[in-house]
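Heads up, the thing below is written out as structure tokens.
The values are calculated or read from the model by the stated rules, or taken from the named source; none is laboratory data. From a predicted model like this one, the values you see are computed outputs, not experimental measurements. Note that each Cβ is placed from the backbone with ideal geometry, even for glycine, and that neighbours are counted across all protein chains shown. Accessible surface is based on the protein model in full, side chains and every heavy atom, while ligands, DNA and RNA are left aside. Shrake-Rupley method; radii C 1.70, N 1.55, O 1.52, S 1.80 Å.
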Amino acid sequence: EAQVTQNPRYLITVTGKKLTVTCSQNMNHEYMSWYRQDPGLGLRQIYYSMNVEVTDKGDVPEGYKVSRKEKRNFPLILESPSPNQTSLYFCASSLLGGIVGNEQFFGPGTRLTVL
Amino acid sequence: EDQVTQSPEALRLQEGESSSLNCSYTVSGLRGLFWYRQDPGKGPEFLFTLYSAGEEKEKERLKATLTKKESFLHITAPKPEDSATYLCASSNDYKLSFGAGTTVTVRA
């Protein structure tokens, strides 16, 4: 089944404790992206990757890191989480990104709480 | 700065009562306008992509249209299963900017 998977689905942590949220897709997509969703603010793009080893900042990259060493995986790293990073996070992938092939498939979401 | 604004925030409809959702955008060099549906507790699900003013796309009871400044999602004779949050997003090459969404509730 074609899908985007995220782990963990729920996470409660404390300020400053490094964490990684994994994202994996099995559709051989080149483009992957991370978003956070907050009430009233909608989905905001954190980082995106056009292909292996190619990443760029979205609208809200502060406090996050990403890496794309393999085509299928795109982990999101919070090196020193703070309470304002409490949010619902989504990973997405699409065939090519850009204009063509930008139909994005979203993962199920990771609900993160930072105390 | 690219901005996408959706209205209304919430819409309550009776089954069969057609209506429209609005998405206005200010994006330099718009490369695509997307509509997604999001059910509670789930990730968004792709509905449509529109590329140029005048373009229309349909899927079941949904029809999306695009002008130079806005896009509309028309829901014709909605059913309770059309209840969801509808998101629009603009694309400027590789970056996507989403609106806050319109939550549609359809009562039987």
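Can you work out which of the residues in the stretch B:88-108 that are of a type outside the set (S, T, N, Q) and over 17 Å from B:R31 (Cα atoms) is nearest to the other protein chains (Cβ to nearest Cβ)? Per the criteria, the residue is B:A100. Taking (1) under 14 Å from A:S93 (Cβ atoms); (2) more than 11 Å from chain B (Cβ to nearest Cβ); (3) open to solvent by 10 Å² or more (accessible area, probe 1.4 Å); (4) not in a loop (DSSP other than H, G, I, E, B) in turn, A:M50 satisfies each apart from (2).
Contact map, the stretch B:41-60: residues that are away from chain A (no Cβ under 12 Å) and at negative phi paired with residues that are modelled with pLDDT under 95 and open to solvent by 70 Å² or more (accessible area, probe 1.4 Å), Cβ distance under 7 Å, separation 6+ or inter-chain. Pairs shown: B:A53/B:K68.
All conditions in (1) at the interface with chain B (Cβ under 10 Å from one of its Cβ atoms); (2) assigned to a strand (DSSP E or B); (3) not aliphatic (A, V, I, L, M) hold for A:Y89, with the sole exception of (1).
Of the residues B:T85, B:T49, B:T76, B:T26, the single one that is closer than 22 Å to A:R44 by Cβ, open to solvent by 60 Å² or more (accessible area, probe 1.4 Å) and not small (G, A, S) is B:T26. Facing chain B (nearest Cβ under 9 Å) and surrounded by 22 or more Cβ atoms within 10 Å (Cβ to Cβ), is that true of A:F105? Spelling it out, it is not the case that A:F105 is facing chain B (nearest Cβ under 9 Å) and surrounded by 22 or more Cβ atoms within 10 Å (Cβ to Cβ). Looking only at residues of the stretch A:15-34 that are without any contact (Cβ under 8 Å) to a residue 60 or more places away in the chain and within 11 Å of the chain's Cα centre (by Cα), we find that the one that is farthest from the other protein chains (Cβ to nearest Cβ) is A:T20.
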